[in-house]
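Q: Once you've had a glance at the structure underneath, I'll fire off some questions.
The values are calculated or read from the model by the stated rules, or taken from the named source; none is laboratory data. Note that the coordinates shown come from a computational prediction; the quantities given were computed from them, not determined experimentally. With ideal geometry, Cβ positions are generated from the backbone for all residues, glycine too; neighbour counts draw on all protein chains shown. These accessible areas exclude ligands, DNA and RNA; they are computed on the full protein's heavy atoms, side chains included. Shrake-Rupley method; radii C 1.70, N 1.55, O 1.52, S 1.80 Å.
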Number of protein chains: 2
Amino acid sequence: MVKKTVSTEEKIIAAAKKVFILKGIDGARMQEIADEAGINKSLLHYYFRSKDKLFDRVFSDSFIPVVKTINLVFEKFQDIDSLVEGFVRHYITMLRENPYIPHFIIHELNRNPDRIVEQIQSSSVNLNRIMEIISKDVEGHKLRPFKPVHVLVNIVALCVFPFVARPIIQGFLLNDSETEFREFIEERTQHIISFVKSAIFINHP
Amino acid sequence: MVKKTVSTEEKIIAAAKKVFILKGIDGARMQEIADEAGINKSLLHYYFRSKDKLFDRVFSDSFIPVVKTINLVFEKFQDIDSLVEGFVRHYITMLRENPYIPHFIIHELNRNPDRIVEQIQSSSVNLNRIMEIISKDVEGHKLRPFKPVHVLVNIVALCVFPFVARPIIQGFLLNDSETEFREFIEERTQHIISFVKSAIFINHP
DNA sequence: AATTGATTTAACCAAACAGTTAAATTTAAT
DNA sequence: ATTAAATTTAACTGTTTGGTTAAATCAATT
């Protein structure tokens, strides 16, 4: 009565994640999640009383790694140079492992913006830190006079966008080829780093 | 039997657009669309036989202005300088007027990538053109040696991302204030133009 | 005035679906 | 062997929903 408990719960979470991401909360069917997990609907409700409760769990489980990634980088690096590099590298790596998370988060966030509020408060990310670093380097004439908020949004946008717009990019620009998309992402880490540095540094090779 | 026909159809389309964008295709209810349009369900089905057909119509109606915007700019401007400026200006303007279109398109595109294929073919956008222009200027040592595809994706990403990630940006970075978000978008056009030019031009002030 | 299409009313159907229940069966721990 | 939890089976409930139907009313055209 202990051994398989965790395993089944994990199986359910994994299955639910897959289905929720693929179909969204409204498109997802409890039966489909049960099938995907290799169990039946009764057991599914036995573990998670309702669809909503199950979704909440999957959502927070998906949200946490994103926040973790950000905090990790912020604590590790201090100067703008390594901060940009570290941020982009960690972010793209995380996205490559969880390519559907951005769309998932964005979609459910747009549908139910309030749900995120708790998540935000419970996992406080210190975004002000990177903005202060940018501010200082702007004052020190090391960086061009861009507003820190925009620079921050830019970096995230450059990393995340290809993953939420993948069908468009792959279909329009990359001959509808999965291989080309993988290559595209592969070379993108270095590209973003160069692109951002070229943009923000006053003296750049 | 002619006068109000168009008007009612338009009312339905507008209502459907609103509901579909807000709730997604699965979350949308035909009754809600009818209510929103100020008619009843029977009439709704009288105009559009099924939810799917109605959705198809709304989707193509939403997709066309995006493509129109792009083509317009591409035909008008030739050199990279005015192309970047024109593209960003037109794109942000269009997005300000239709802030929910990106999320709508991206969401339904991820859920049903095939649906877009017809749209793509029927509204051929010539993206190669901007890529060729970038290529030439890279060869002419006017631009840094970035791959054109990435530069193109970057520009679109910088414009579009704030609109799909609005709840996050507004909540995390802008004190949850609508006013601040509007200001943010206001100043963003100029920011993106400067940011991109700084990044790509070898000699930039 | 007669016709025709637009719109409403209201009732209805069948399918899908979240969630429940209760009894039976299996599995593992003691 | 007993016990208790995990899991299955299977039938069921209540509701929501997309879609239909048919008759009635309204509005404009002829």
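Q: Using +1 at the C-beta of Lys and Arg and -1 at the C-beta of Asp and Glu, which of B:Ile169, B:Phe104, B:Asn154 has the Cα lying farthest in the positive direction of the dipole of segment B:51-205?
A: Looking along the dipole axis, the top candidate is B:Asn154.
Q: Sticking with this one: Report the paramagnetic label zone for A:Glu183: residues of segment B:140-155 whose backbone N is under 18 Å from a point 7 Å from Cα along the Cα-to-Cβ axis.
A: B:146-153
Q: Does segment B:4-143 come out rounded, prolate or oblate by the C-alpha gyration tensor, with a ≥ b ≥ c the root eigenvalues, rounded set by a/c under 1.5 and, if not, prolate when a/b is larger than b/c and oblate if not? Mind dumping the intermediate values first?
A: On the way: a/c = 2.95, a/b = 2.54, b/c = 1.16.
Prolate, since a/c reaches 1.5 and a/b exceeds b/c.
Q: Taking a label point 7 Å from Cα toward Cβ, how far is B:Gly86 from its twins in the other copies, in nm, shortest first?
A: Nearest to farthest, the other copies are at 4.4 nm.
Q: Related question: Say the cut-off is 32 Å between C-alpha atoms; which of A:Lys142/B:Lys76; A:Lys53/B:Lys17; A:Lys17/A:Lys76; A:Lys23/B:Lys41 go over it? Write out the running numbers ahead of the final one.
A: On the way: A:Lys142/B:Lys76 37 Å; A:Lys53/B:Lys17 30 Å; A:Lys17/A:Lys76 30 Å; A:Lys23/B:Lys41 26 Å.
Flagged as over cut-off: A:Lys142/B:Lys76.
Q: With +1 assigned to the C-beta of every Lys and Arg and -1 to the C-beta of every Asp and Glu, and no other charges, what is the dipole magnitude of chain B about the Cα centre in debye, to the nearest 20?
A: Working: 27 positive and 26 negative charges, 96 e Å.
The dipole magnitude comes to about 460 debye.
Q: If DNA, RNA and ligands are ignored and the probe is 1.4 Å, what is the ranking of B:Glu178, B:Glu187 by accessible area, most exposed first? Write down the numbers at each step before the final one.
A: On the way: B:Glu178 105, B:Glu187 65 Å².
Solvent-accessible surface, decreasing: B:Glu178, B:Glu187.
Q: Over the Cα atoms of segment B:1-49, what Rg and Dmax result, in angstrom?
A: Looking at segment B:1-49, its Cα Rg and Dmax stand at 10.5, 33 Å.
Q: Over segment B:1-49, what is the relative contact order in percent, taking alpha-carbon pairs closer than 8 angstrom and at least six residues apart? Working shown, then result.
A: On the way: 27 pairs, mean separation 16.6, N = 49.
For segment B:1-49, the relative contact order is 34 percent.
Q: Under the Karplus relation 6.51 cos²θ - 1.76 cosθ + 1.60, θ = phi - 60°, what is the ordered set of whole-Hz ³J(HN,Hα) values for segment B:71-88, x standing for Gly and Pro?
A: Running phi through 6.51 cos²θ - 1.76 cosθ + 1.60 with θ = phi - 60° gives 4, 3, 5, 5, 6, 6, 10, 10, 7, 4, 4, 6, 5, 4, 4, x, 4, 4 Hz.
Q: If the viscosity is 0.890 mPa s and the temperature 25 °C, what Stokes-Einstein diffusion coefficient in µm²/s follows for segment A:165-205 when Rh is the Kirkwood radius over Cα pairs?
A: Details: Rh = 11.5 Å.
Once the numbers are plugged in, D ends up at 214 µm²/s.
Q: Here is a further query. What FRET efficiency do you get for A:Asn203 and B:Arg96 if R0 is 30 Å and r is their Cβ-Cβ distance, rounded to the nearest 0.05?
A: Working: r = 35 Å, r/R0 = 1.17.
It comes out at approximately 0.30.
Q: Got a sec? What order do A:Thr179, B:Thr8 fall in by accessible area at 1.4 Å, biggest, i.e. largest, first? Display every interim value, and only then the final one.
A: On the way: A:Thr179 75, B:Thr8 15 Å².
Ranked from most to least accessible, the order is A:Thr179, B:Thr8.
Q: Then there is this: How far apart are the B:Ile64 label points across copies, placing each 7 Å from Cα toward Cβ, in nm, shortest first?
A: Ordered by increasing distance: 4.8 nm.
Q: Another question, then. Per DSSP H run of n ≥ 4, the term is -39500 (n - 2.57); total these for the protein assembly as shown, divide by its residue number, and report the mean residue ellipticity at 222 nm rounded to 500 deg cm²/dmol.
A: The per-residue figure over the protein assembly as shown is -25000 deg cm²/dmol.
Q: Find the relative contact order for chain A and round it to a whole percent, using C-alpha pairs within less than 8 Å whose residues are 6+ positions apart. Don't jump to the answer; show the numbers that get you there.
A: On the way: 144 pairs, mean separation 38.8, N = 205.
Value for chain A: 19 percent.
Q: Relative to the longest principal Cα axis of chain B, at what angle does helix B:3-27 sit, 0 to 90 degrees, rounded to 10?
A: Its long axis makes an angle of about 70 degrees.
Q: How big is the equivalent ellipsoid of the protein assembly as shown along its three axes, where each semi-axis is √(5λ) from the Cα gyration tensor, reported in whole Å from largest to smallest?
A: On the way: eigenvalues 258, 180, 77 Å².
Listed largest to smallest, the semi-axes of the protein assembly as shown are 36, 30, 20 Å.
Q: Please compute one quarter of the surface area of the Cα convex hull for segment B:68-205 and express it in square nanometres. Please list the in-between numbers first.
A: Working: hull surface 37.2 nm².
If you wrap the Cα atoms of segment B:68-205 in a convex hull and average its projections, you get 9.3 nm².
Q: Separate question: With a point put 7 Å past each Cα toward its Cβ, work out how far A:Arg29 is from A:Asp81 in nm, to one decimal.
A: Each label point lies 7 Å from its Cα, and together they span 5.7 nm.
Q: Moving on to the next point. Put a label point 7 Å from Cα along the Cβ direction on A:Glu97, then list its distances to the equivalent points in the other copies in nm, shortest first.
A: Result for A:Glu97, in nm, nearest copy first: 4.4.
Q: Using r as the Cβ-Cβ distance of B:Met131 and A:Glu9, and R0 as 45 Å, what FRET efficiency do you calculate, to the nearest 0.05? Each step should come with its number before you reach the end.
A: Working: r = 49 Å, r/R0 = 1.08.
That gives a FRET efficiency of 0.40.
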